[in-house]
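Below you'll find the structure, written out as structure tokens, and then a few comments.
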Amino acid sequence: MRVVGDYLSFKLLTEQNFTEETLMVLLPVKCPVCNGIDVTKHGNTSNGKQRFICKEQACEGKTFIQDYSEKGRLPETKQQIIEMALNGSGIRDTARVLGISPVTVINELKKKNPSCMP
């Protein structure tokens, strides 16, 4: 089992002698698909963000990033796109409600299996 985490440093200013103390906190990284903790670092993106890969059998080696910069890349947003399409919302309506581009909505709908659509 591998545990990968991000370190957060906090600077505390003590009241007695006004010196700085740094605390390091280890935050575990969980896979957004299976919530497994068996993840490792897998390089960086073009804009310098850390990429991770899940080593669980259920995920089949999917990579992910902890902090996405675009809303359209979030797994929650992708799920909302599918749910809104199944409920009859149009592409422009979905894009406006979620605050993303209509092109992102179209591309996400193209990726899904046509048998799950009405």
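The values are calculated or read from the model by the stated rules, or taken from the named source; none is laboratory data. Because the structure is predicted, anything quoted here is derived from the model rather than measured. Surface areas here come from the heavy atoms of the whole protein model, side chains and all, with no ligands, DNA or RNA. Shrake-Rupley method; radii C 1.70, N 1.55, O 1.52, S 1.80 Å.
Okay, residues lined up against (1) in a helix (DSSP H, G or I); (2) not polar (S, T, N, Q):
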| position | (1), (2) |
| --- | --- |
| Cys59 | no, yes |
| Tyr68 | no, yes |
| Glu76 | yes, yes |
| Ala95 | yes, yes |
| Thr104 | yes, no |
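If only one of Gly88, Gly61, Gly72 is open to solvent by less than 70 Å² (accessible area, probe 1.4 Å) and modelled with pLDDT of 90 or more, which one is it? None of the others qualify; the one that does is Gly88.
When residues in the stretch 1-57 are screened for being at pLDDT below 75, open to solvent by 70 Å² or more (accessible area, probe 1.4 Å) and outside any strand (DSSP E or B), 7 of them pass.
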